[in-house]
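All of the numbers you see were taken from the coordinates with simple rules; none came from a lab. These numbers were taken from a predicted model, which means no experiment stands behind them. FYI the Cβ positions are ideal-geometry reconstructions off the backbone, even for glycines, and counts take in every protein chain you see.
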Amino acid sequence: MMKPSMKMGVIALIGLFLVLYQYHLSTGVRFDQMNDFNTGGSAEENSVLSQEDVERYVRTSKLTEEMIKSAVRRVQETNGLSPDMASMLVQELVNHLHKNILEVAENNSKIARYKLEFGRNATIAQQRPTTVPEDTVEPLYIITPTYRRPEQIPELTRMSHTLMLVKNVHWLVIEDATVATKQVTRLLERTGLKFDHLTAPMPEKYKQKKGAKPRGVSNRNRGLQWIRANATNGVFYFADDDNTYDIALFDEIRKTKTISMFPVGLCTKFGLSSPVIKNGKFVGFYDGWIAGRKFPVDMAGFAVSVRFLLQRPNATMPFKAGYEEDGFLKSLAPFEPKEIEFLADNCTKVLAWHTQTKKNEPSAPLDMKLYGETNLVKLKLQIV
């Protein structure tokens, strides 16, 4: 049974403990910093204790423990506490002091970490470029004429991988055939792109004509017919499957308001086809084959606004080899070269290339007696 005087002494010690705890709270070192000092962690990435902070915390901790020991000794002398009781009382008070300090430190550290993480997220959100929803971007209609040949599937595969990187694109793949090739349809379905697989065979009278033939004209006119029936806005572009396209080109042509133009590389003997700009003004065309054309440009070197086309219902591409681009652009009258919108940094960058794949011979037939029950049967169906 504890004597009344001893009880008063313990109560006095508890009061002392509370005073010392408040003293700790009033020191210049934050509890989250104390916790970090003790554990080696950091509540804030950018929060580093100075040498002064560390020394102050050490001094404060030692001073508090010394004050507790001194107070217990005075109670011991006054009330006759045994040495064991006095030692236990000192240890308990010191333990409680540090426990309370560390609990507050832990809570403060959590708050600090939350504030830090919230601040980080807010900063990242501010720095992250705003993603424009695809349905708010005007569509691009890519008209690609194609025909059955050994290079058809690999070239369409290469082109599809480029178009997969373009927002809100609709691919019109139009074969010079009476029946659509199943391999092409399967390829288009695998891409996940919006597409229409159409056919538009070259009229027989042009096939039988000697000399250069107007290849791809029926395909492109079929694409224009589809756009008139299905599109109301956006931009269309004639993109052959044997070309190579920089992804930046599609961001450029999306700017088109009427008719835009830009350079094409590896084109004709000059290696380049482009409008010529001098002191910021249009002065002519650079092309390996001018041939009296008003618009001596390459098929891959211009894009047209859908609205601009719809205002010219008679615009079409002529079946005249070598004059397809010129004839089509002239059919978009009223329109003059001085009205061209120049893209690709004022026609100083090549973003479309005529990389024409090497022509391959048709593959030899498969010997069905030797390989009729092997994997080569399926593989051969993929090769022309």
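The table for this structure:
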quantity: Global form of region 250-341, assessed from the alpha-carbon gyration tensor, a/c cut-off 1.5; calculated: oblate
quantity: Calculated Rg and Dmax of region 198-302 using C-alpha coordinates, Å; calculated: 15.8, 48
quantity: Packing-based order for 366-372, 295-301, 272-278, 330-336, using average beta carbon neighbours within 10 Å, highest first; calculated: 295-301, 272-278, 330-336, 366-372
quantity: Amide H partners (placed H, <5 Å) of Tyr286, local residues excluded; calculated: Ser274, Val276
